[in-house]
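What follows is one structure encoded as structure tokens, with my remarks underneath.
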Amino acid sequence: MIGRTLLWLSVAVTVSAADDLTVLRKGQTPPPARMVREYLTGIANAQLAARRREIAQIRTPADFERRRSNVRAKLVQMIGGLPDKRTPLNVQKTGEFRRDGYRVEKLVYESLPRFYVTANLYVPTTGGGPYPAVLQPIGHSKSAKNRAFYQTLAIGLVKQGFVVLNYDPIGQGERRIFWDSYLGDSKVGSSTTVEHEMVGMQSVLGGESVARYRIWDGIRSIDMLASRPEVDGKRIGVSGCSGGGTLTVYIAALDPRVAVAAPACYVTSWEEQLRGTGPQDAEQQFPDLLKEGMDQADLVTLMAPKPYLICSTTEDFFPIEGARRTFDEAKRIYTLFGAPDRVAWFFTGGGHGMPQPAREAIYGWMKRWLAGGPQGPAKEPPIETEFEETMNATRTGQVATSLGGETASTLNRKRLPQMVVDAAGSTRDRVLNLTKYERPEGLVRAESYGTIEREGYKIERLLYWTAPGRYVPALLFAPTSPNSRAVIYVDSRGKAAEAGISLDLDTLAKLGYTVLALDIEGTGETASDWGGYSSAWFGQEKIAWLGLMVGRPLMGLRMEDISRGLDLLEQRQLAKAATGFAKGMAAVDMLHAAVVDARIERLVLERMPASYRQFVLAPLHRNIHSIALSKVLRAYDLPNLAAERKAAIVNPVDAMGHPLNHAAARQLYGEQLRLRRETDPISVFRSDF
């Protein structure tokens with residue numbers, strides 16, 4: 001019988017300097033750091049090409065209306081729907097100051113009960129109302145609406161006769177989600193992107209998007225504007241930059257009261273975006289987005305034929321060529337409606353942002369379509385911004401310390417764990433549905449890159465292919481006196497993490513086990529170099545996001561790598577079955593693989609996250625992207641999967657990777673739980689379980 005291990009060693013990896021356990025050599029194609037990215041991008045490009053063929057068939061307004069209805073329904077579904085009722089805004093005016101030609105009100109209102117939105121309302125003090133209004137959702141910025149960059153557009157517009165509402169999105173400005181008074185910053189650091197990802201990945205597990213909260217804030221902000229006597233509710237525009245550009249696109253697509261839109265430095269095309277910085281913040285893409293045949297042009301044209309201005313800069317990380325493609329498609333749709341002049345594209349030199357020429361294009365666009373002004377840019381008036389603290393709507397500059405209330409994190413932690421599991425079908429069917437696992441077929445293509453002799457066994461460096469364009473570096477530990485038992489091993493740290501003398505794989509090989517250790521996709525030698533703002537917290541988040549977008553989650557790919565490794569053992573007549581031994585996040589991949597591949601007879605899963613549910617119960621978490629599955633909370637949890645297998649769960653961890661409380665772990669796994677107490681942890685592999 002193959003047993004279980006209790007091992008958790010906190011020692012460094014000690015591979016002999018003479019033992020080169022690297023498999024890949026210079027010139028490997030595709031390059032290992034780009035392998036997963038290139039494979040998934042190939043799928044994405046095929047999906048986008050299929051979409052282009054569909055768009056080419058749109059020849060009449062009726063053709064487009066059918067697609068519009070479908071796209072809008074998909075968008076609402078992807079974000080998890082919107083709240084079903086508008087609760088009281090409970091607007092509080094916390095301060096006001098006056099400047100030449102306008103005044104600024106400091107406001108706090110509730111988009112959901114006790115979910116406070118901090119905002120500044122700029123109101124003209126010249127001319128007669130009611131005035132046209134512009135909502136400015138703020139882009140990614142620590143100081144958000146208080147930042148001079150965002151004050152500038154508001155002042156430029158208010159001086160030209162517009163009421164303007166600048167508000168702080170969640171995780172920014174006065175609405176930091178994880179604010180720590182002692183740090184004077186968020187617990188996760190200064191990056192607002194990390195805050196969004198932290199709550200965003202929780203939302204994904206529930207089949208939602210953090211965009212749900214952000215869009216609802218925008219819709220309720222339009223409610224607030226429309227309630228003001230100074231505002232003409234039929235003349236409301238939206239314009240924001242960067243993440244505010246994202247929100248401009250979403251709000252304009254979903255709120256019919258928006259009469260004019262002007263997103264800046266966001267609109268591009270996914271084909272171009274994937275050539276560069278790829279997936280961005282958690283609200284800026286959705287699982288199955290590309291699989292469902294959607295691109296940014298779909299979101300832009302949801303507003304057709306209302307006036308729409310796309311603003312770009314030549315050096316932006318949202319590629320300008322993609323903006324051109326989206327504009328060209330939008331222009332074609334607007335032309336079907338006889339309104340080609342209602343969509344325009346303005347671009348100017350510079351990097352990411354909204355430079356003065358772009359702002360002047362926005363002033364002119366808003367004046368033309370909301371105030372009957374002439375065509376073309378409008379000159380920016382003299383502008384003097386305020387000190388950031390002057391713009392605070394709360395006493396302390398943070399909702400957390402002034403008002404308390406809810407955050408996206410607290411709302412997720414209340415709502416998502418309550419989701420009802422749909423137990424229809426077998427567990428295996430549900431795993432297949434979520435992971436999109438595809439059983440590899442045919443003989444395994446494999447190459448050997450030499451062997452390393454050690455006392456009692458040898459290590460063969462192998463490379464095998466799971467599918468065209470996808471390969472797995474592996475180490476095969478072949479004992480001199482094999483015991484007819486096999487182990488297939490994966491580790492989030494890579495295949496060589498336990499290959500040193502006296503470490504796990506060395507010990508197992510000396511006990512006679514044939515061990516195949518794998519660098520499943522995105523680990524070890526195939527770790528992606530496609531990093532982002534959140535990599536320190538979440539690791540391989542970009543390839544994980546792309547996998548979700550194209551309907552090929554990273555976990556499903558890794559499960560296929562494991563199955564192909566078992567095929568290789570069979571093909572070499574080394575074993576027809578094996579114990580699955582895995583550590584860290586990779587243990588979740590192994591557990592899922594065991595559900596769909598019966599050749600994994602037993603499991604030893606060490607330092608595995610104890611459950612998906614803990615990721616939505618905890619405020620903070622790490623490295624969830626690689627195991628993220630959309631809607632998994634509605635399908636099963638890890639203890640459900642383990643209960644159906646012969647498994648030893650060794651020292652499970654919480655959402656931050658810390659050892660889980662013994663009582664909590666025992667409650668989840670019962671007799672399957674194993675804790676490290678023995679001096680010879682490998683002794684469990686000698687036992688029957």
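The values are calculated or read from the model by the stated rules, or taken from the named source; none is laboratory data. Since the structure is predicted, the reported quantities are computational estimates derived from the model, not experimental observations. Counting neighbours? That spans all protein chains shown, and the Cβs are built from the backbone with ideal geometry, glycine included.
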* Would you be able to tell me the number of residues in the stretch 296-311 that are assigned to a loop (DSSP other than H, G, I, E, B) and either of a type in the set (Gly, Ala, Ser) or surrounded by fewer than 24 Cβ atoms within 10 Å (Cβ to Cβ) (or both)? => 5
* Structure fact -> Per the list (1) in contact (Cβ under 8 Å) with a residue 24 or more places away in the chain; (2) in contact with an Asp or Glu (Cβ under 7 Å, 6 or more places away or on another chain); (3) more than 29 Å from residue 286 (Cα to Cα), residue check on residue 563 breaks on (3)
* Structure fact -> Checked pairs for the stretch 36-50, first over 21 Å from residue 541 (Cβ atoms), second assigned to a helix (DSSP H, G or I) and not small (Gly, Ala, Ser), C-beta under 6 Å and 6 or more apart or across chains, list as 48/271
* All positions within the stretch 332-356 that are part of a helix (DSSP H, G or I) and surrounded by 17 or more Cβ atoms within 10 Å (Cβ to Cβ) -> 332, 333, 334, 336, 342
* To do: Find the residue count for the stretch 265-297, including only residues that are in contact with a strand residue (DSSP E or B) (Cβ under 9 Å, 6 or more places away or on another chain) and at positive phi.
  => 1
* Tell me which residues, restricted to the stretch 161-189, are buried (at least 23 other Cβ atoms within 10 Å of the Cβ) and not β-branched (Val, Ile, Thr). => 162, 165, 166, 167, 168, 169, 171, 172, 173, 174, 175, 176
* Just give me the residues in the stretch 232-269 being assigned to a strand (DSSP E or B) and touching a helix residue (DSSP H, G or I) at 6+ places or on another chain (Cβ under 7 Å), in sequence order. => 233, 235, 236, 237, 238, 258, 259, 260, 261, 264
* To do: Kindly establish whether residue 494 is free of Cβ contacts under 8 Å to residues at least 40 places away in the same chain, buried (at least 19 other Cβ atoms within 10 Å of the Cβ) and either within 27 Å of residue 540 (Cβ to Cβ) or out of contact with any strand residue (DSSP E or B) (no Cβ under 8 Å at 6 or more places or on another chain) (or both).
  => yes
* In the stretch 338-347, is there at least one residue being at pLDDT 95 or above and more than 22 Å from residue 268 (Cα to Cα)? -> yes
* Leading residue by the ranking (farthest from residue 482 (Cα to Cα)) among those in the stretch 444-471 that are part of a strand (DSSP E or B) and of a type in the set (Val, Ile, Thr) -> 466
* Asked: Does any residue of the stretch 572-594 turn out to be out of contact with any Ser or Thr (no Cβ under 8 Å at 6 or more places or on another chain), touching a residue at least 24 places away in the same chain (Cβ under 8 Å), under 17 Å from residue 459 (Cα atoms) and not aliphatic (A, V, I, L, M)?
  -> no
* the stretch 53-81: number of residues that are of a type in the set (A, V, I, L, M), within 25 Å of residue 215 (Cβ to Cβ) and surrounded by fewer than 12 Cβ atoms within 10 Å (Cβ to Cβ) -> 1
* Scan (1) under 22 Å from residue 623 (Cβ atoms); (2) out of contact with any helix residue (DSSP H, G or I) (no Cβ under 9 Å at 6 or more places or on another chain) for the single condition residue 194 breaks and write down its number. => (2)
* Restricting attention to the stretch 308-319, does a residue exist that is of a type outside the set (Val, Ile, Thr), within 20 Å of residue 71 (Cα to Cα), in contact with a helix residue (DSSP H, G or I) (Cβ under 7 Å, 6 or more places away or on another chain) and not assigned by TED's automatic domain parsing to the domain that holds residue 553? -> yes
* To do: State whether one or more residues within the stretch 673-683 are of a type outside the set (Gly, Ala, Ser), modelled with pLDDT of 90 or more and either under 32 Å from the mean Cα position of the chain (by Cα) or in a loop (DSSP other than H, G, I, E, B) (or both).
  => no
* To do: Within the stretch 147-159, identify whether any single residue is touching a Leu at 6+ places or on another chain (Cβ under 7 Å) and either modelled with pLDDT of 95 or more or over 16 Å from residue 226 (Cα atoms) (or both), and answer yes or no.
  => no
* Asked: If we scan the stretch 258-277, do we find a residue that is within 30 Å of residue 433 (Cα to Cα) and aliphatic (A, V, I, L, M)?
  -> yes
* To do: Kindly indicate whether any position in the stretch 459-470 is farther than 24 Å from residue 623 by Cβ, surrounded by fewer than 15 Cβ atoms within 10 Å (Cβ to Cβ) and free of Cβ contacts under 8 Å to residues at least 60 places away in the same chain.
  => yes
